1. Starting from the amide H of A:Met237, placed 1.01 Å from N in the peptide plane, find each other amide H under 5 Å away whose residue is 5 or more places distant or on another chain.
2. According to a simple spin-label model (label point 7 Å from Cα along Cα-to-Cβ), what is the distance in nm between A:Asp249 and A:Asp156?
3. Counting only DSSP beta bridges with both residues in the protein assembly as shown, what percent are antiparallel, rounded to the nearest 5?
4. If you average 1/r across every pair of different Cα atoms in the range A:110-225 and take the reciprocal, what Kirkwood value do you get, in Å?
5. Per residue of B:167-177, what is the mean number of Cβ atoms on other protein chains within 10 angstrom of that residue's Cβ?
6. Calculated FRET efficiency, A:Gln84 and B:Trp183, Cβ-Cβ r, R0 25 Å, to nearest 0.05?
7. Would you kindly state the longest site-free stretch of chain A, with sites defined as GluC sites (Glu not before Pro) in a DSSP loop (not H, G, I, E, B) surrounded by at most 16 other Cβ atoms within 10 Å?
8. What does the average come to when, for each residue of peptide A:55-64, you count the partner chain Cβ atoms lying within 10 Å of its Cβ?
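Each value in this text was obtained by applying a stated rule to the coordinates, not by laboratory testing. Please read these numbers as outputs of a predicted model, since none were measured by experiment. Neighbour counts are summed over all protein chains in view; Cβ atoms, including those assigned to glycine, are modelled from backbone coordinates with ideal geometry.
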Amino acid sequence: MSGPFLSSSGAPPPEPAIRIREFNLWYGTFQALFDINLEIKNGLITSLIGPSGCGKSTLLRSVDRINERLGYVRIRGSIEVFGQEIHAPQVEPAQLRKQVGMVFQRPNPLPISIRDNVLFGYRIHHEKGGRLARSEADGIVEEALRQVLLWDQVKDRLDHKATDGLSLEAMQKLCIARLLPVKPSILLMDEPCSALDPRGTAAVEELIWELRDRYSILIVTHNMAQARRASDECVFMLMGRVVEHAPTDQLFVTPAHRETADYIEGRFG
Amino acid sequence: MFEATSVNHHNDRVQKQVKILFGIMLALLIIPMVVIVATLLIKGSPIVNLSFIFEDPKDGMTAGGIFPALLGTIWLVAVSLLASVPLGVAAAIYLSEYAPDNLLTRLIHLATINLAGVPSIVHALFGVGAFVVFFRFGTSILAASLTLAIMTLPVVIVSSWEALQSVPRSFREACWNMGATRWQTIWHVVLPNAITGILTGVILQVSRAAGETAPIMFTGAAMFLPFLPNSVFDQTMALALHLFVVATQVPNVPESLPFGVALVLVGIVLLMNSVAIWIRLRLRRKKKW
Ligand SMILES: Nc1ncnc2c1ncn2[C@@H]1O[C@H](COP(=O)(O)OP(=O)(O)OP(=O)(O)O)[C@@H](O)[C@H]1O
Ligand SMILES: [Mg+2]
């Protein structure tokens, strides 16, 4: 779990997965994010911590532009995903969301079969009336479920409804699995373990760690131990601002700001 | 220890009184229904048989069957559904899934609910003005059905809207975040999960449309016609109006005849409502989120 700053022998620094500059967001007249500047590095796990209401979810939801569905949201500033400004006029939100997958706090599988859950995103992006060949679909389903360590558990009931009979942990893994067939490069996770019991949390954390090499992961968590255990870098937010962004070890051992220290020691939040 | 105090006794007494009160209210509600259905059965059932259902009225509607009226009611209800269901469901989808949540949307929602309470005679007059006269459909199945459609539309919209709203938001969010468009989300996830609720609402309106007299009386239903309708531009007989006619307008009708007609009408309505209840029960058993 070494830090990110291992600049490999003079090569140009890799492009950040997400670069946020001077980003502000208002819900109606209420300003939720203030002048966010942040670079989320490619291929790492970055955790986003901060007290309730500080804007973590809002920031996450800005990266796949899902906030704009609300209709009363205004933004100013820039967010780039792999160097591409996501608010540029030619950007198609559906394509952005293919690249940037989102996992929610409460596992929300769709009320269709496990198999169709995994294929849902793929179908939306690939099928134009034409049907996916059975063998191709089977391959996609198996690969995605194997990646999330769920294959062995559900391979005999792929046609069962995903909303009954699965543990919360399995549902959450399924929600991760259904993102993978469209080959995203960034996974956003909003407190993905907070609805799970300790065992489920450990299992999902392990999975997230497994996915680390293939995806850039930005994960919101309230669990300090989890942030510390399972992330390369850590971002601390407070009242809509980024206070500190540092390698996880550094942020937890020698925080540069007073507020960070107070928060990670549990003095507020 | 643990003996009842006077407070407990008082609470018990109130509890009993409330129970009795609600029991009486329930009885007041149920007894008239039981009496009505029983009367219909006793007085109507002797005359209701296959030939009653499949024969034409005879001897100035004092004898014979009700086939033209039954067929007419089916025509009227079917055509009105063809108009009100697509329109109502589309409006509900727009209100629930597309319209921004602002004052205008809420006003429209409120107005729709209130429209559902407008007396049917008002719809009837609207139907005469709009369909019979303005659109020149004349008194016809089309005009009468559209009038029924206008009458049932608000409830179709509101009940469909509620069915759509009862689909958890988290499903929509999951879809949107995978890059699904609003329409893909509606088509693949929202509608399949709302369809049973929408159907229930629609069926309840079927029974309402079948039973109303006022909206069709001036727009397309005739008291007696010697022929069956050939197209939607013909007039037709209808059960509800036929009942009104044989019960009040025609002399020397045997007593059992109107009861027979009423029995068939109530039977249709009960049948439709039981279908709705059955769908709802199935829905509840299937839904587990
Ligand atoms: N849809 C919304 N409409 C209006 N205000 C909102 C909306 N969502 C969030 N807010 C407000 O924006 C601020 C940030 O909310 P956000 O959900 O991003 O916080 P959070 O850090 O994720 O909190 P938590 O840890 O409780 O999930 C809060 O004050 C919240 O009340
Ligand atoms: Mg949150």
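1. Amide H neighbours of A:Met237: A:Ile49, A:Gly50, A:Val243.
2. It is 4.5 nm.
3. Once the DSSP bridges in the protein assembly as shown are tallied, antiparallel ones form about 60 percent.
4. 14.7
5. 6
6. With R0 = 25 Å, the Cβ-Cβ based efficiency is 0.45.
7. Maximal segment without exposed cleavage sites: A:128-264.
8. Counting Cβ atoms of other protein chains within 10 Å of each residue's Cβ and averaging gives 1.
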